[in-house]
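As structure tokens, the structure follows; a few thoughts come after it.
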Amino acid sequence: MIATGLLASAVRSGPPAWLRRSFGRAALAIVLPLAVLLVWTASARWGWLPQQILPSPIEVWQSFVDLAGSGELLHHTDVSLLRVVYGFAAGAGAGLLLGTAMGLSPTVEDYVKPLFTALAQVPTLGWIPLLMLLVGIDETLKIVIIAKAAFVPITINTAAGMRAVPRGLVEVAESFRFSRFQLLRKVAFPAAVPQIFTGIRYGLTHAWMALVGVELLASSEGLGYLLVWSRQMFWLDQMIVGMLVIGLVGLLMDAILGLVEARLQRWRVAGL
Amino acid sequence: MSLLLRSSLVLAGTLLALAGAGVLKARAAEPVTIRIGYAAIGVGNVPYANGTSAATARAGQFVEKEFLDDPSVKVEWYFFKGAGPAVNEAFANSQLDFAYQGDLPSIIGRANGLKTRILLASGAHKPVFLAVPVSSDIKTIEDLKGRKVAIFRGTNTQLAVDKVLAAHGLSEQDLKVISLDDSAAPAALAAKDIDAAFGDTELIALAQTGLARIAYTSQGDNPAFGRYASLLGLDGFTQAHPDLTRRVVKAFVKAAQWSSEDQNHAALFDLWARSGTPVDVLEVFFHGDSLNYRNSPLLDPLMVRHYSDLAHQARAFGQIRRDVDIDGWFEPEYLDAALKDLSLEHYWRSYDAAGRQQAAAALP
Amino acid sequence: MSTMPTRRRLRGLVLPGLLLMLWEITSHLGWIDPRLLPPIEAVVHTAVGQASSGHLGADLAASLLRDLTGFGIGGAAGLAFGTLLGLSGLARGLIGPSFDAGKQIALFAWIPLISIWFGIGETAKIVFVALAAFTPVALNTFEGVRSASVKLIEIGTVLTFSRRQFVTRIFLPSALPSILVGLQLALINCWLATIATEYFMTVGPGIGGLIIEGRERFQMDLVVLGILVLGLVGFLLNRGGVAIEARLLRWQA
């Protein structure tokens, strides 16, 4: 009783509430991963699951150290990242253009939407064999597939965002005799930013997923290739390292995107 | 009770119920199903193969005939586009009881702790072929440097290729290797997406259609470049059903014997052609080798030495990361029993570790 | 949509029409190797052949079964998980961060692991498709439930509804739109995942298998047919989802 009372008062007079809260949050978040790690280690130690199915965490760590040390991990990550960057840039660029055109001009939408929707219905993977025959299995294939994966959600969301620009705003801009370009830059774009960013978020996720998919299918380097190769050779520890790195890179890209979005939001608000 | 606690209990209960149902289901199954895997698949994914006595066993239904009088025993065959590596996945999940598999994937499986026994040889001494587009300038192995080459990773082709490359001063690192399976490689080659491909019958077939040419074959080259394969049995099954194992091995030996008879040549190749590979291609594949030589099931000292060497080489080439001990892996008792049963002790030639013919048949 | 004047509708057909014409012309004139791009009649011919031989039906049925089974399992799991996270602060703090991290691993990166963990057969494929459904459903359900429960807390103190009324009149209508969005996304994801399983896991009947076979046998008409079927099913699933969603939301209002 007294002890808890003392502890309580100690806690109360300790670090400020916000620190305690974030520390508490972090501590809680760690519990599950730690528990999983514990069970995993125990399982490997006492062989609850055969070792082909689950290598020990130490092996995974060792594998990571080996891969990182030899420079292979960096090389594969580089290759994959570069592909995503090029593909995403191409797809996003095209998507923003087409989405804006479709969103702002009902005429364009009339012409383009049915074909676009039809093509968008086919899952990205479905296009790969056809594309393989047209462009081979080189970098071009990968970039085109990644671009397509990003293109669809970005176009859809950009169009939606542009379409939803309040008529009132447009009218005000027109009354100020804004040029087409000014209208776009000062009115349409800022208003559509949140929706566009949803599209960009989806686009990036899809692009990354398409990258892994196309690398699984036909590649001689990259993180997806690392997974295939590990699977053939039954190197589960290396495979898990590959998966974790893929997750990590995905996390980083998402975080960067979040920062960019926050920046744009500030600019948007400031502009208005 | 908090929501979290309640949910966790429900989840645990569901999982336990599922596990219990699984156990009951396993307990209840009495009729035995013998699941045999084959580390390849026919053209167009037909469930047949060629070039080995195991393929004969399948197409000629040798195993099914062995158990005709036993209605409680079922035989199921599984074919794998993913070849040896895919068989390992199935073994790891105990989804197969026996499998025909190449040397390298078997070693990889053992290196990863799979509990199997080598019961007999099948598809021994297979050569490897290198195919290039017709207009290609690649003439020798050395020309492959820096080029995009398809090698099916994890299969016995890979190890043979590594040996061939090494003999010419190259390694996989000197090439841009893409791992493609037996149907993707010819397609890529025909489309000129790759500069070259290593493989066997599928490439011969491609060359015969004029879309590629064979630039190299290990036929006639160093016999050490040949690939081996065998029938393996998973310990879980062979130890639980030694009687069934004996009969399965006997059926395979019968198939091997039938495949080794020169008089059966035409019938044999027709049977193998069910896999979609034309007879002409098979003739090229077997050129210069006798049927008896290629279809021998013997686990002789040469084969043991081969697998032992392979284990070291696989380690050296980086294909396995820990040393593999092949002691106790070969299990000749079923083969010996079958040979004695069928009076075939002197039907095939046994080779000693140095490659010389031996008097006696099987392994001590 | 149905109120759009015919002139505008016709505009939408211009581009596809041009594309089809271009396809026919290049294929017939041989500008592109007809083996690479078969003329439209060839594709139709193959389609009829495949359909009448029952192959197409079998492939389609296999793919759909895989898709819907995985969707059902993953969706149900996602609903339960999302609801739990939305309602329990403890769960949110405990499991939330791990889930956030885990979902960063690109879906296809799971394929090799699931293949090794579940081996051959349908199980591996259905597990993967279920995984594809799980994340969007869980995320959107969480969002819906969370915002609904916040609203509940606001309103709850004012009204004197029974527990049942709370759930049906306030909670569900609030959470339902998000949940439905999640299920819609999952439906699309699952179709993509189903094709992925047919590409990367053990061979079996399916539309994905049809496409791969076509490519390997250089039968491009099969590939094109497969793509068309993929698109058609994707479209129907989409439409079906939207229709069900509209139905449910109308009933709620």
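The values are calculated or read from the model by the stated rules, or taken from the named source; none is laboratory data. Source: prediction; values computed, not measured. Glycine gets a Cβ as well: all are built from the backbone with ideal geometry, and neighbour counts include every protein chain shown. With ligands, DNA and RNA removed, areas are computed over all heavy atoms of the protein, side chains included. Shrake-Rupley method; radii C 1.70, N 1.55, O 1.52, S 1.80 Å.
Could you tell me whether any residue of region A:208-216 is more than 14 Å from chain B (Cβ to nearest Cβ) and more than 30 Å from A:GLY258 (Cβ to Cβ)? No: zero hits.
Within region A:238-251, residues that are more than 7 Å from chain C (Cβ to nearest Cβ) and under 11 Å from A:VAL60 (Cβ atoms) reach partners that are assigned to a helix (DSSP H, G or I) and open to solvent by 20 Å² or more (accessible area, probe 1.4 Å) with beta carbons closer than 6 Å, at six or more positions or on different chains, in the pairs A:VAL241/A:PHE64. Here A:TRP208, A:TRP229 are screened, and the one residue that is under 30 Å from C:TRP110 (Cα atoms) and either at pLDDT below 90 or not in a helix (DSSP H, G or I) (or both) is A:TRP229.
Of all the numbered requirements in (1) more than 14 Å from chain C (Cβ to nearest Cβ); (2) of a type outside the set (Asp, Glu); (3) over 30 Å from C:GLY214 (Cβ atoms), A:ILE143 misses one, and that requirement is (3). Kindly provide the set of residues from region B:144-181 that are within 19 Å of B:ALA124 (Cα to Cα) and in contact (Cβ under 8 Å) with a residue 60 or more places away in the chain, ordered by number. Result: B:PHE152, B:GLY154, B:THR155, B:ASN156, B:THR157, B:GLN158, B:LEU159, B:ALA160, B:ASP162, B:LYS163, B:VAL164.
If you go through region C:53-90, how many residues are more than 22 Å from C:CYS190 (Cα to Cα) and either in a helix (DSSP H, G or I) or within 19 Å of the chain's Cα centre (by Cα) (or both)? Steps first, please.
Within region C:53-90, the first condition is being more than 22 Å from C:CYS190 (Cα to Cα), and the residues that meet it are C:53-55, C:84-90.
Pick out the ones that are also either in a helix (DSSP H, G or I) or within 19 Å of the chain's Cα centre (by Cα) (or both) and you get C:55, C:84-87, C:89-90.
Residues flagged as more than 22 Å from C:CYS190 (Cα to Cα) and either in a helix (DSSP H, G or I) or within 19 Å of the chain's Cα centre (by Cα) (or both) within region C:53-90 amount to 7.
Residue count for region C:5-39, restricted to those that are farther than 22 Å from A:VAL112 by Cα and either touching a residue at least 12 places away in the same chain (Cβ under 8 Å) or in a loop (DSSP other than H, G, I, E, B) (or both): 11.
For residues that are of a type in the set (A, V, I, L, M, F, W, C) and closer than 22 Å to A:ALA92 by Cβ, scanning just region A:163-182, find the one that is surrounded by the fewest Cβ atoms within 10 Å (Cβ to Cβ). Spell out the reasoning first.
Kept after step one, since they are of a type in the set (A, V, I, L, M, F, W, C), are these residues of region A:163-182: A:164-165, A:169-170, A:172-173, A:176, A:178, A:181.
Subset that is closer than 22 Å to A:ALA92 by Cβ: A:164-165, A:181.
Numbers: A:ALA164: 12, A:VAL165: 21, A:PHE181: 8.
Checked region A:163-182; the qualifying residue surrounded by the fewest Cβ atoms within 10 Å (Cβ to Cβ) is A:PHE181.
Of all residues in region C:204-219, those being of a type outside the set (D, E, K, R) and modelled with pLDDT under 80 number 1. Within region A:142-161, can one find any residue that is surrounded by fewer than 21 Cβ atoms within 10 Å (Cβ to Cβ), in contact (Cβ under 8 Å) with a residue 12 or more places away in the chain and more than 21 Å from A:LEU98 (Cβ to Cβ)? Checked region A:142-161: no residue is surrounded by fewer than 21 Cβ atoms within 10 Å (Cβ to Cβ), in contact (Cβ under 8 Å) with a residue 12 or more places away in the chain and more than 21 Å from A:LEU98 (Cβ to Cβ).
Under the condition of being under 20 Å from B:ALA184 (Cβ atoms) and not in a helix (DSSP H, G or I), the residues counted in region B:79-100 number 4.
Could you grab me the full set of residues in region B:291-339 that are of a type in the set (S, T, N, Q) and either over 29 Å from B:LYS250 (Cβ atoms) or open to solvent by 50 Å² or more (accessible area, probe 1.4 Å) (or both)? Reasoning before the result, please.
Kept after step one, since they are of a type in the set (S, T, N, Q), are these residues of region B:291-339: B:292, B:295-296, B:308, B:313, B:319.
Once the filter is applied, which keeps residues that are of a type in the set (S, T, N, Q) and either over 29 Å from B:LYS250 (Cβ atoms) or open to solvent by 50 Å² or more (accessible area, probe 1.4 Å) (or both), region B:291-339 yields B:GLN313, B:GLN319.
Among the residues of region C:200-228, those identified as farther than 24 Å from B:TYR78 by Cβ and either under 21 Å from the mean Cα position of the chain (by Cα) or of a type outside the set (A, V, I, L, M) (or both) are C:PHE218, C:GLN219, C:ASP221, C:VAL223, C:VAL224, C:LEU225, C:GLY226, C:ILE227, C:LEU228.
Please find, among C:THR194, C:THR202, the residue that is part of a loop (DSSP other than H, G, I, E, B) and either over 30 Å from C:SER149 (Cβ atoms) or at the interface with chain A (Cβ under 9 Å from one of its Cβ atoms) (or both). Walk me through it before giving the result.
Details: C:THR194 fails: part of a loop (DSSP other than H, G, I, E, B).
Residue meeting the stated conditions: C:THR202.
Can B:LYS81 be described as within 14 Å of chain A (Cβ to nearest Cβ) and either open to solvent by 40 Å² or more (accessible area, probe 1.4 Å) or touching a Cys at 6+ places or on another chain (Cβ under 8 Å) (or both)? Give the derivation first.
Numbers: within 14 Å of chain A (Cβ to nearest Cβ): yes; either open to solvent by 40 Å² or more (accessible area, probe 1.4 Å) or touching a Cys at 6+ places or on another chain (Cβ under 8 Å) (or both): yes.
Yes, satisfied.
Only residues that are assigned to a helix (DSSP H, G or I), crowded, with 23+ Cβ neighbours inside 10 Å and not small (Gly, Ala, Ser) were counted across region B:138-161, and they come to 6.
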